[in-house]
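This report concerns only the one structure given below.
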């Protein structure tokens, strides 16, 4: 059974690219993608998912704040931060607020899929560089 992913990123090209990648993936599928918090939480009220792939810096919100809220309201959903920022503070803050993973966009598809597999298996995954 494929794991369901929601992507939240304010760059359409990233959302489109992730959708294209996971259309071919047998283990994961993107069930929705959003560029803002309102659409994300409206969707979560009536739908289930396994993972949220969360950008750190959004036009409308801070990904750390959204992760905190996601973990408070939906603790069963695993969150992986997906970002360009390798700032140690952000990585530690993500861990403290409950994100199960932190993966850099510069790591490419291989690192992202590794993070998704490991977090889905109940592990944590934090890429530092």
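The values are calculated or read from the model by the stated rules, or taken from the named source; none is laboratory data. Just so you know, these numbers come straight off a predicted model, no measurement behind them. Heads up, the Cβs are rebuilt from the backbone with ideal geometry, glycines too, and the neighbour counts pull from every protein chain shown.
Computed values, structure above
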item: Total residues in segment 87-106, condition part of a helix (DSSP H, G or I) and in contact with a helix residue (DSSP H, G or I) (Cβ under 8 Å, 6 or more places away or on another chain); result: 5
item: Qualifying residue in segment 101-111 (condition: within 22 Å of residue 19 (Cβ to Cβ), in contact (Cβ under 8 Å) with a residue 60 or more places away in the chain, under 12 Å from the mean Cα position of the chain (by Cα) and crowded, with 16+ Cβ neighbours inside 10 Å); result: yes
item: Breaking point among (1) at pLDDT below 95; (2) within 22 Å of residue 122 (Cα to Cα), for residue 61; result: (2)
item: Boolean, residue 9 is surrounded by 14 or more Cβ atoms within 10 Å (Cβ to Cβ), in contact with a helix residue (DSSP H, G or I) (Cβ under 8 Å, 6 or more places away or on another chain) and over 25 Å from residue 118 (Cβ atoms); result: no
